[in-house]
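Take a look at the structure set out below.
The values are calculated or read from the model by the stated rules, or taken from the named source; none is laboratory data. In this text the structure is predicted, and so the values were computed from the model without any measurement. A quick note on method: Cβ atoms are made from the backbone with ideal geometry, for glycine too, and the neighbour counts reach across all protein chains shown. Please note that ligands, DNA and RNA were not included when accessible areas were found on the heavy atoms of the full protein model with its side chains. Shrake-Rupley method; radii C 1.70, N 1.55, O 1.52, S 1.80 Å.
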Amino acid sequence: MSDDNRRNGLTYRDAGVDIDAGNALVERIKPLVKATRRVGADADIGGFGGLFDLKACGFKDPVLVAANDGVGTKLRVAIEADRHDTVGIDLVAMSVNDLVVQGAEPLFFLDYFATGKLSVDTAASVVAGIADGCRQAGCALIGGETAEMPGMYADGDYDLAGFAVGAVERGDILPKPDVGAGDVILGLASSGVHSNGYSLVRKVVERAGLSYADPAPFAPGTSLGAALLTPTRIYVKPLLAALRETGAIKALAHVTGGGFVDNIPRVLPAGTSAAIDLDAVPALPVFGWLARTAGIDQAEMVRTFNCGIGMIVVTAAADADRVAAVLSREGETVVRLGSLVADEARPRTLFDGSLSL
């Protein structure tokens, strides 16, 4: 190769990938990662894989449970509002809440951050949220991947995926085999829209002619972007406390995409359906605003959004008050939503009453 070719040769940075920026991000986030340390993980990053010592956690006959998810188009709101500090919490929540519904304790988490051009500040803000979510869930952030892919994403855009692994003793896996008619359904309040239905949310914002910098019509003193980016509630620690102290929880259902309609039946046996009193649902102001602004009917609301309930708890009628007391003590808002009923149709969600929208 001639000297001229060497002088004019391309580098990886010329192609749009900045290895130095990636290394700077790793150094920036190391303290955040270390703050998620827990038994079984030293929380160091930089190797080719993350290590976790399951034996150190004291499990006797564990079954591993894995889940992965993203944040969906809620990321579009974060990007347009230029607020990146909470979507990492959402990322963790979507996976760890899915683990705990099977009775599992989340152990460790890995993330994937992909972008066209790496902004160290933006990525560090996202990872700070991920670390916060891991601390809330009691799991260690043991690794991840940052991918800078020029040409794949528009300027300023990025995408997230998260992967969580937990463990549960073989005899404690949920749902229990004795779930059936007569059991009580408790609901745990959500913090907001959580991380589902944002394609519809964004369409409502567009129809209303609002920007994410405008005041939120349903949250005085808060911008619309900040209000819609309220992070998904992480239910792990309260639910683990109730599981361990009472032993009375028969089933759990995380209310995500598909709302009440599709998620509750996933944990019900054949011949059983869920009867929900919608009058008991503590519908948050954001849901009323969405419904009124876009004329969304109740059937669409309960199949798209959590409508104010982010987690479903099923327990025997005799144990409902005891389980609710532990969850309330642990900081959850608990409401009695209904009960399981015998139903010859496939498991489904039956509704009575109306949402307060």
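Filtering region 153-193 to residues that are under 20 Å from Ile264 (Cβ atoms), touching a helix residue (DSSP H, G or I) at 6+ places or on another chain (Cβ under 9 Å) and open to solvent by 60 Å² or more (accessible area, probe 1.4 Å) leaves only Pro175.
Checking the stated criteria, Asp279 turns out to be more than 30 Å from Asp82 (Cα to Cα) and more than 21 Å from the chain's Cα centre (by Cα). Among the residues making up region 281-297, a single one is farther than 23 Å from Thr333 by Cα, open to solvent by 60 Å² or more (accessible area, probe 1.4 Å) and part of a helix (DSSP H, G or I): Arg292. Among the conditions (1) on the phi > 0 side of the Ramachandran plot; (2) open to solvent by less than 20 Å² (accessible area, probe 1.4 Å), the only one that Leu239 does not satisfy is (1). The residues on offer are Arg336, Arg348, Arg322, and the sole one that is within 29 Å of Ser199 (Cβ to Cβ) and surrounded by fewer than 23 Cβ atoms within 10 Å (Cβ to Cβ) is Arg348. Within region 1-48, the residues that satisfy the criterion of being under 16 Å from Gly144 (Cβ atoms), at pLDDT 80 or above and either of a type in the set (Lys, Arg) or in a loop (DSSP other than H, G, I, E, B) (or both) are Arg28, Lys30, Lys34, Ala35, Thr36, Arg37.
Screening the candidates Ala104, Ala67, Ala56 for the property of being farther than 23 Å from Ile29 by Cα, touching an Asp or Glu at 6+ places or on another chain (Cβ under 7 Å) and of a type in the set (A, V, I, L, M) yields one hit, Ala67. On the stretch given as region 315-332, residues that are in contact with a Leu (Cβ under 7 Å, 6 or more places away or on another chain) and within 23 Å of Met94 (Cβ to Cβ) total 2.
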